[in-house]
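Colleague: Below is one structure. I have some questions about it.
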Amino acid sequence: MPPLHALGIDIGSTTAKIVGVDEQGRMVWHILEQAEPRVEAQVERFLERASREFGPLDGVPIVATGYGRRLVGQTARQVTEISCHTRGVFCEFGRGGTLVDIGGQDSKVIAISPQGKVIDFAMNDKCAAGTGRFLENTASRLRVPLERLGEEALSTSEEFSLSSTCTVFAESEVISLIAHGVPLPSILRGLHRALIKRIAAMIRTVGLTPPLMLSGGVAQNPAIRLMLEEETGEEIILPRQPQLVGAQGAALLALENHNK
Ligand code: ADP
């Protein structure tokens, strides 16, 4: 086991992640779990596992980010998700561009300079439409596993345009369409389209400078990737572990601050 030189913890609305990096900032360890209501207990468990695997963590710098970062504890420095995502994705690609992050309950678009600095950003954390929750709710109502949702949507070229963009209304609309015999894949395609339209509107407010990069759990959905490419006309480049970008950036910022 290589020694751990810094840790990044990203407490999102849906998942909790911890990433450990070595002296060179390479990701050497991580855990990703569903977020628990008791953040402190979950973080404590993460840190216990880290010390069991790597030895005592005294002096290992920690940065916490995400929606629940304030609950992480005294020893961790808090940094915004915008800064951590920017740092994480810049480490991966070493260039500027436009990062779209679609998480469980928020989505953001960040314009990143060629030097890896934040130029501008837009964030939606007020409405579930335009976030992973929009797809997740419907997937569970339709009993389609989340991991299959994108493939199902791509299994047809027919697309049913939904009239509701609100998550709650879209869910009932989808149920009623199924009852009227509209094929599931074309409804799912329409559902993905509704989310993509929200994201595209956010991209327009920030502007798109290629390359277009995608992070967050929803980046694992192939229909989202394809439809976002269609909607923007830009090819997407994907980090190796899109859901860990924030925690990875947090660990790097911890390491760099410590080395100053
Ligand atoms: P947060 O950081 O806001 O807690 P994440 O970036 O972890 O959120 O993303 C969680 C979202 O990712 C879930 O709402 C879900 O929609 C989506 N997701 C997670 N795993 C998959 C998968 N295998 N395929 C498609 N979507 C996924």
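Colleague: Convert each backbone phi in the range 13-23 into a coupling constant with the Karplus relation 6.51 cos²θ - 1.76 cosθ + 1.60 (shift: θ = phi - 60°), then list the ³J(HN,Hα) values in order as whole Hz, x for Gly and Pro.
Modeller: Each residue's phi maps through the Karplus curve to give 6, 10, 10, 10, 10, 9, 10, x, 10, 8, 4 Hz.
Colleague: For Ser155 and Leu226 in the same chain, what is the full-extension length gain: residue separation times 0.36 nm, less their Cα-Cα distance, in nm?
Modeller: On the way: separation 71, 0.36 × 71 = 25.56 nm, distance 1.26 nm.
24.3 nm is the gain from fully extending Ser155 to Leu226.
Colleague: For the range 114-192, which trypsin sites (Lys or Arg not before Pro) are both in a DSSP coil and crowded by at most 11 other Cβ atoms within 10 Å? Walk me through the numbers on the way to the answer.
Modeller: On the way: sites: Lys117, Lys126, Arg133, Arg141, Arg143, Arg148, Arg189; in loops: Lys117, Lys126, Arg143.
Taking the range 114-192 and a limit of 11 other Cβ atoms within 10 Å, the loop trypsin sites (Lys or Arg not before Pro) found are Lys126, Arg143.
Colleague: While we're looking at this one, here's another question. What does the extension gain come out to for Arg141 and Val168, with contour length at 0.36 nm per residue minus their alpha carbon separation?
Modeller: On the way: separation 27, 0.36 × 27 = 9.72 nm, distance 1.14 nm.
Residue separation times 0.36 nm, minus the Cα-Cα distance, leaves 8.6 nm.
Colleague: So, in nm, how far is label Arg52 from label Lys260 when the simple model puts each one 7 Å beyond its Cα toward the Cβ?
Modeller: 3.5 nm
Colleague: For Leu214, enumerate residues with amide H under 5 Å from its amide H, sequence gap 5+ or separate chain, H modeled in the peptide plane.
Modeller: For Leu214, whose amide H was placed from the backbone, the distant partners under 5 Å are Val100, Ile237.
Colleague: Also: As a test of the formula, what do you get for the chain when each DSSP H run with n ≥ 4 contributes -39,500 (n - 2.57) and the sum is divided by the residue count, at 222 nm and rounded to the nearest 500 deg cm²/dmol?
Modeller: Details: 8 runs with 110 residues, N = 260.
Only helices count here, giving -13500 deg cm²/dmol.
Colleague: Here is a follow-up. Name the helices (complete DSSP H segments) of the chain with a Cα length along the long axis of 27 Å or more and a Kyte-Doolittle mean of at least -1.0, or state none.
Modeller: Membrane-span-like by this criterion, though nothing is claimed about a membrane: 184-206.
Colleague: Among all stretches of the chain without exposed GluC sites (Glu not before Pro) (DSSP loop, at most 14 other Cβ atoms within 10 Å), which one is longest? Please list the in-between numbers first.
Modeller: Details: sites that count: Glu23, Glu158, Glu235.
Here the longest run is 24-157.
Colleague: Find the accessible area per residue for the range 151-225; the probe is 1.4 Å, ligands and nucleic acids are left out, and the unit is Å². Could the numbers behind the result be given before it?
Modeller: Values: 3330 Å² over 75 residues.
Heavy-atom accessible area per residue stands at 44 Å².
Colleague: Can you compute the charge dipole magnitude of the chain about its Cα centre, using +1 on each Lys and Arg Cβ and -1 on each Asp and Glu Cβ, nothing else charged? Give it in debye, rounded to the nearest 20. It would help to have the intermediate numbers written out before the result.
Modeller: Values: 26 positive and 30 negative charges, 79 e Å.
Taking the Cα centre of the chain as origin, the dipole is about 380 debye.
Colleague: If you don't mind, there's one more thing I want to ask. Only bridges whose two residues both fall in the chain count here: according to DSSP, what percent of them are antiparallel, nearest 5?
Modeller: Working: 25 of 37 bridges.
Approximately 70 percent, going by the DSSP bridge assignments.
Colleague: When 1/r is averaged over all different Cα pairs and the result inverted, which Kirkwood radius in Å belongs to the range 55-117?
Modeller: Details: mean 1/r = 0.0761 Å⁻¹.
Answer for the range 55-117: a Kirkwood hydrodynamic radius of 13.1 Å.
The values are calculated or read from the model by the stated rules, or taken from the named source; none is laboratory data. Here the structure is a predicted model, which means the values were calculated and not measured. Glycine gets a Cβ as well: all are built from the backbone with ideal geometry, and neighbour counts include every protein chain shown. Quick note on the areas: whole protein, heavy atoms, side chains included, nothing else; ligands and nucleic acids left out. Shrake-Rupley method; radii C 1.70, N 1.55, O 1.52, S 1.80 Å.
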